[in-house]
Every structure is written in structure tokens, then in C-alpha cells.
1. Let's see if you can work this out: charge +1 on each Lys and Arg Cβ, -1 on each Asp and Glu Cβ, no other charges. What is the dipole magnitude of the range A:1-106 about its Cα centre, in debye to the nearest 20?
2. Using the alpha-carbon atoms, what tilt in degrees (0 to 90, nearest 10) does helix A:171-181 show relative to the longest principal axis of chain A?
3. What chymotrypsin sites (Phe, Trp or Tyr not before Pro) does the range A:107-210 have in DSSP loop regions with at most 15 other beta carbons within 10 Å?
4. If you keep only loop residues by DSSP, which trypsin sites (Lys or Arg not before Pro) in the range A:17-74 have at most 16 other Cβ atoms within 10 Å of their Cβ?
5. Suppose we take every Cα in the range B:52-128 and form the convex hull; what volume per residue is that in Å³?
6. In peptide A:36-47, what is the residue-averaged number of other protein chain Cβ atoms found within 10 Å of each Cβ?
7. Out of residues 5 or more away from A:ARG122 or on other chains, whose amide H comes under 5 Å of its own, with H placed 1.01 Å from N in the peptide plane?
8. Rounded, prolate or oblate: which fits the range A:169-214, taking a ≥ b ≥ c as square roots of the Cα gyration tensor eigenvalues, rounded meaning a/c under 1.5, else prolate when a/b beats b/c?
2 protein chains.
Amino acid sequence: MNEKPFSVVLVSGGMDSLVCAGIAVAESRRCAFLHANYGQRTERRELESFHRIADFYNIKERLLVDLNYLKHIGGSALTDTSIEVPPGELERKEIPPTYVPFRNAHFLSIATSWAEVLGAGRIYIGAVEEDSSGYPDCRGSFYRAFEGAIKEGTRPTTQIEIITPLIHMKKAEIVRKGAELGVPFELSWSCYRDGGVACGRCDSCLLRLRGFIEAGMEDPIPYETVDILQKTSEEEGP
Amino acid sequence: MNEKPFSVVLVSGGMDSLVCAGIAVAESRRCAFLHANYGQRTERRELESFHRIADFYNIKERLLVDLNYLKHIGGSALTDTSIEVPPGELERKEIPPTYVPFRNAHFLSIATSWAEVLGAGRIYIGAVEEDSSGYPDCRGSFYRAFEGAIKEGTRPTTQIEIITPLIHMKKAEIVRKGAELGVPFELSWSCYRDGGVACGRCDSCLLRLRGFIEAGMEDPIPYETVDILQKTSEEEGP
């Protein structure tokens, strides 16, 4: 098939999902954007980013889903406010408390159901394996395994591929790719805390900031502080 | 490990899930029951059955989740009232319109997140492959593939098996197994239509009724009609 695909794109509103969306839009004839609220701290802010990004790409088909049961299940600092979001630590070895157990499987299940009904052949998700917080559901092997489950669990005529364009990218490469595609970085929200401006201290902020610094670019969004990263940058260089 | 497992059990409230629950309770040291509403026609009736079954087994840990987004995604006669539930047809070759696209993946994702937080090592689901309506997400191969996704997408220390005790059973064997375990058949609800009593005509009723007839037992729940099955039974014998 030489025709460009019809794709369902998971868009959280963060930087990775924004760049992933930019790639999906470039590679597809038609895109449908999917966003999940799951009782995460930054739900409202992420949803706002989702809509602004979808507006930017002129996406008509949008699905918003509410997985508030993930908050009831708990077990994560992102959905349980009694568990503190730790300060960012880029050399962390264990899985951090911000891991939401098996979260991405929920997102993929919804994307698959929607893709099967719409007749879309691809699901794009901006998961990053190496230069990330080490969540198990962000590993390439998980996506390959899940693709196997899709093949076995949908109609025989349904063909759905999971595309993870960022999976092996470093954050700096993601920033460069986004710049090359002209993605609207200023519309995205990556911070794990729900402040007026990004905190500049959580894992997600640190990873993003390091990406921009290493790419030699300036992040257009404001931060409460960028001290740690500037220090790291001075010490280690790009 | 010789200790009996701690298990999460998916309980819709239908006969298969009831017998599966009976097996899980017998095999586990502790069970947590999970039920999903997903905008299906018989939501209210199924939830009532779920609680009555959980009460019967004295289950304290219950999780109710609301997947009403499956109704928005649509594509199934079970969630979209503009698509008619067809009369039952036991020799059907294609996948019937009651198929809810990739539904069981949603159930398994939730069960996995919950099991990972609780520390449960097993997920029981009463899927039936052969003597069923032919849904792709009821095939054994789907469960094996999904188990692979769980292995890759959860913490390295998490070990979760999916147990499908009914997968290769005929309906009559399920009825016999339930009788052997003393499950409360009268508390379960299988009908796809939302009437005061089960319709006796949809796929789900026909499969259940044929199971009881072939097992030489009487189904304790009332039906609007059982004409078709009694006819089939007279023609074909048990």
C-alpha cells in the first residue's frame, strides 16, 4: 500500500507527544488525536495543551477519555497526592514513584478500539525508552508485545501497527526533530507539578530542559527555576 | 511457591464469570473482584449480579470501573443502541455485531494495574474460545500475547499470570463445573437485552440455555422464551 496511513495519535500534551504528533501528521493522510485524563495532577493543564496542539494541526477527530479509575487504583505519585513527586534525578537506577502501573497499556487499548472502529491502521505514541525515567511501559519490547496482543485480539481483517518514532531518541534529538518539523513547543506542557509555570525541578522538566540545552536551543516555555540544569550543562557540556 | 495465589478476578456477572470466580476462589488464598461498566445495555443488571456474587463469596476488595468511553467509541450492538442485537445464531461464521472492539484488553489492562499495586500474582478471566460467539479477544492466543505485554510493561519484580480456566470448555462443561463447585447460578445474568427477565433469544441466552440442556440441568433463572433451544435440543439431542 503506497497510500499514506490513517493514524490515531496519542497526545498527552507533553513535548514528546507533540513531536510525535508532528511526525504522525507528516506521515499520515489523516490523523485522529486521543487524550486521556486519568486523575493525574496536571490533568487540566495537559488537556489545554492537547486542544491547542490539535487546533494547531487542524485535527477534527478528537477523543477525550476519562480513566479516573487509575486514580482509585493509585500506586503512583502522579495520581496519588499523598505520594510526593520526588526532585528530578537523571541518573536514577530504580523505577521512580511517578510510574503509573501499566498506564500505557490502557492508552493503547483505547487507541486500538478506536482505530478498529475508525479503520485506522496506525497508532502513534511518543514513548521514549533510553533517555527517560525508566518506566517499563515505555520500552520498545512492550510495544512489540502489545502489537502481538492487538493482532490476536482484533478482527482478522484489522491491521494495526504501533509506531513509536521517539523510542530510541535522546531528548536532544527529539528537540531537534521537533524544530525541523516546526512543532509549536510553546503549546506543550511537560511538568509533573500543577503550577502556573513549569517547576524546572521534576524528572520531566529536567529531561526536557537537558534536551533543549544539548540541542543548543532555548525552550520557549517559562520555568520557575532552571538552576540545576544550567549547572549540569556547565559541568558536563552538551 | 506452594502458597495459594492472591488473585484479581474479572466478574461481569454472567454465568461464565461466575464459574470462573468459583474456580478462582477455590484456587486462591485471597481474591479481589473487578467489574467494569462500559455503557453496555445491561449495565445496571450486570452490576447487581456482580455485587450479589461478590457478597456470596464474601469478597471485601471490589473495584468498579467506568469505561463509558467504549460507548463513545461505539462499533458494537452492546454499546450502541442504534445497532440491533441480532437474534442468536449458534452456527454463525462471522464475528457478530455484539463484538465490542478489543474490549477484553481494557479489562486486562485495569486488572494488571490493580494487581501490580495490590501485589496479586494472577488475573482470572472467564473467556471461552470455542463454544462462544467468536470474539477475537476471547481466543487463548490473545491471552498468551497479552501476558507477554504484561511481562514487558510492568516492573521487573511484578509477576502476573492470566488464568483462563474456561477457555477450552464447552458450555455444558462450564455448567457442570459450576454445579460441582456449588456456584450460585441464580445470581448471574447473561442476557444481552435489558429486560426484566432474560430474553432466551440472543446469542448469550442461547449459549447458556444449550449449556444447561446439554448438562442435563435446569437453569434456575427465568426466561421470556426457551422455545428455540428446546427445539434444537429435541432435534439434535444432548
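1. Roughly 300 debye, rounded to the nearest 20.
2. That works out to roughly 60 degrees.
3. none
4. A:ARG29, A:LYS60
5. Considering the Cα atoms of the range B:52-128, their hull volume per residue is 147 Å³.
6. 0
7. Those qualifying (amide H under 5 Å, at least 5 residues apart or on another chain) are A:PHE6, A:VAL8, A:GLU161.
8. oblate
No value in this document is a laboratory result; all are computed from the given coordinates. All figures in this text were calculated on a predicted structure; none of them were measured in a lab. All Cβ positions, glycine included, derive from the backbone under ideal geometry; neighbour counts span all protein chains shown.
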